[in-house]
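Student: So that we are looking at the same thing, I have put the structure below in structure tokens.
The values are calculated or read from the model by the stated rules, or taken from the named source; none is laboratory data. Please read these numbers as outputs of a predicted model, since none were measured by experiment. Cβ coordinates were reconstructed from backbone atoms using ideal geometry, including for glycine residues, and neighbour counts include every protein chain displayed. Surface accessibility is based on the protein's heavy atoms, side chains included, excluding ligands, DNA and RNA. Shrake-Rupley method; radii C 1.70, N 1.55, O 1.52, S 1.80 Å.
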Amino acid sequence: MKQLKNPINRALVSLLPWMPRGLVWRFSRRYIAGETLREALDLVAALNQSGMSATLDVLGEDSTTPAQAEASKRAYLTALAEIGRRGLDCNISVKLSQMGLRFAPGACREIARELAAAAHSYGNFLRIDMEDSSVTSATLDIYRELRREFAGVGTVIQAYLRRSDADVRALLAEGPTNLRICKGIYVESPEIAFQGREEIRASFRALLARLFAAGAVRVGIATHDPPIIAAACELIEAHRTLPAGYEFQMLLGVAERLRAELVRAGHPLRVYIPYGEAWFAYSYRRLRENPRIAGHIVRNLFRRSLPPAGYTSNGGVTS
Ligand SMILES: Cc1cc2nc3c(=O)[nH]c(=O)nc-3n(C[C@H](O)[C@H](O)[C@H](O)COP(=O)(O)OP(=O)(O)OC[C@H]3O[C@@H](n4cnc5c(N)ncnc54)[C@H](O)[C@@H]3O)c2cc1C
């Protein structure tokens, strides 16, 4: 784990496992819809009403047994069925490690296929999230396999990885592709990943430029960083890309003002919504993976601004 420069952040990360869940929930609930599918879908419905779409992330640590992977799969299948039943504008985002990629890659492929087939049967879409660099190639391989069979599948490219430009070029050359571009959340070494803020931004812009120029099926622009958003808007205008060809994507609870401005300007915007019983482990893991988030959490802890204005509260998981 990277050393934290700020002593308050460092203390917070080390104390987290011993903090009462209620206190951790106080600062986590800005970023998490709740423990249940119902809470998540009520939030999706409110976002849909405000002109935004959503993607659901059923929280879970890396699965270490087939039973855990199966349970995660079932949670996503139920979510797809309920999204369909309620007629919501919402797809799913899935981490392959949760489906067993690290210990049973063959079974994980089967689960991913089952989820893609279920998404297809509901006219919905499966996004395969990108995890740390130990699984980048395996994740792209599964994406390649699925997209040969299903149109409604996409994955993620991390701008901080040095390999990403080559990956995007290869994917575009192989056929229609649907990619979300993000900076990348995991701590990676300088040998394989850009470390500087500006070089990561430059890589992000270059990847977007390549995708817009190639007319990718849909470009997901997953960032809250204003200079990248401004660059994306210029590309959209320059290529006269229709709203069906791109969408901005943001994490629940982050940059809500910017989010509202983009929606007002007529851009499609999707909110990434984590939910589930594993919210505590998720909050803890995010902090360990990327200690910079501690700064945001400390601010939220003292700011006391809780669920995004206009949404129902996330009852049921209160302190
Ligand atoms: C929809 C979506 C999906 C993602 N999927 C993946 C994935 O599959 N794999 C992966 O590795 N990463 C993923 N990420 C995370 C991404 O890689 C970045 O780590 C994260 O988005 C922060 O980067 P940024 O581009 O917003 O820039 P930053 O420079 O980190 O942030 C820009 C500004 O946004 C605000 N901000 C950013 N994050 C937060 C926060 N948590 N709380 C409060 N304010 C914040 C701050 O004001 C900050 O100054 C995803 C991000 C989004 C939005």
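Student: Filter segment 174-202 down to residues that are under 16 Å from V217 (Cα atoms) and in contact with a helix residue (DSSP H, G or I) (Cβ under 9 Å, 6 or more places away or on another chain) and give me whichever is nearest to the ligand (Cβ to nearest atom). Don't jump to the end; show me each part of the working.
Tutor: So in segment 174-202, the residues under 16 Å from V217 (Cα atoms) come out as 174-181.
Next, from what is left, pick out any that are in contact with a helix residue (DSSP H, G or I) (Cβ under 9 Å, 6 or more places away or on another chain): 174-179, 181.
On the way: E174: 21, G175: 22, P176: 20, T177: 16, N178: 14, L179: 11, I181: 9 Å.
Here the residue is I181.
Student: With respect to Y160, is the statement that it is hydroxyl-bearing (S, T, Y), open to solvent by 10 Å² or more (accessible area, probe 1.4 Å) and touching a Lys or Arg at 6+ places or on another chain (Cβ under 6 Å) true?
Tutor: yes
Student: Further question: Looking only at segment 84-93, decide whether some residue is within 27 Å of R201 (Cβ to Cβ), at pLDDT 95 or above and more than 19 Å from the chain's Cα centre (by Cα).
Tutor: No, segment 84-93 contains no residue that is within 27 Å of R201 (Cβ to Cβ), at pLDDT 95 or above and more than 19 Å from the chain's Cα centre (by Cα).
Student: Let me ask something else. Only one of S63, S14 is polar (S, T, N, Q) and closer than 26 Å to Q249 by Cβ; which?
Tutor: Step by step, each of S63, S14 is checked, and only S63 is polar (S, T, N, Q) and closer than 26 Å to Q249 by Cβ.
Student: Kindly provide the set of residues from segment 11-36 that are closer than 26 Å to A260 by Cα and in contact with a Leu (Cβ under 8 Å, 6 or more places away or on another chain), ordered by number.
Tutor: Across segment 11-36, the qualifying residues are R26, F27, R29, R30, Y31, I32, A33, G34.
Student: Next question, about the same structure. For Q158, are the conditions met, namely being among the polar types (S, T, N, Q) and more than 21 Å from L262 (Cα to Cα)? Walk me through it before giving the result.
Tutor: Numbers: among the polar types (S, T, N, Q): yes; more than 21 Å from L262 (Cα to Cα): yes.
Against the criterion (among the polar types (S, T, N, Q) and more than 21 Å from L262 (Cα to Cα)), Q158 qualifies.
Student: Under 7 Å between Cβ atoms, which residue pairs at least 6 apart in sequence (or on different chains) link something in segment 193-206 that is of a type in the set (V, I, T) with a partner that is within 12 Å of the ligand (Cβ to nearest atom)?
Tutor: Partner pairs satisfying both residue conditions: I200/A159; I200/Y160; I200/K183.
Student: Go through segment 232-276 and count every residue that is open to solvent by less than 50 Å² (accessible area, probe 1.4 Å), assigned to a strand (DSSP E or B) and among the aliphatic types (A, V, I, L, M).
Tutor: The total comes to 4.
Student: A further question follows. Test each condition in (1) under 15 Å from F194 (Cβ atoms); (2) in contact with a helix residue (DSSP H, G or I) (Cβ under 8 Å, 6 or more places away or on another chain); (3) of a type outside the set (D, E) for A166 and report the one that comes out false.
Tutor: A166 satisfies all of (1) under 15 Å from F194 (Cβ atoms); (2) in contact with a helix residue (DSSP H, G or I) (Cβ under 8 Å, 6 or more places away or on another chain); (3) of a type outside the set (D, E) except (2).
Student: Those residues that are aliphatic (A, V, I, L, M) and buried (at least 21 other Cβ atoms within 10 Å of the Cβ), I need them from segment 169-196; list them, please. Spell out how you get there, then give the answer.
Tutor: First, the residues of segment 169-196 that are aliphatic (A, V, I, L, M): 170-173, 179, 181, 185, 187, 192-193.
Once the filter is applied, which keeps residues that are aliphatic (A, V, I, L, M) and buried (at least 21 other Cβ atoms within 10 Å of the Cβ), segment 169-196 yields L171, L179, I181, A193.
Student: Looking at segment 203-230, which of the residues that are away from the ligand (no atom under 12 Å from the Cβ) and more than 24 Å from T139 (Cα to Cα) is surrounded by the most Cβ atoms within 10 Å (Cβ to Cβ)?
Tutor: Selected residue: A213.
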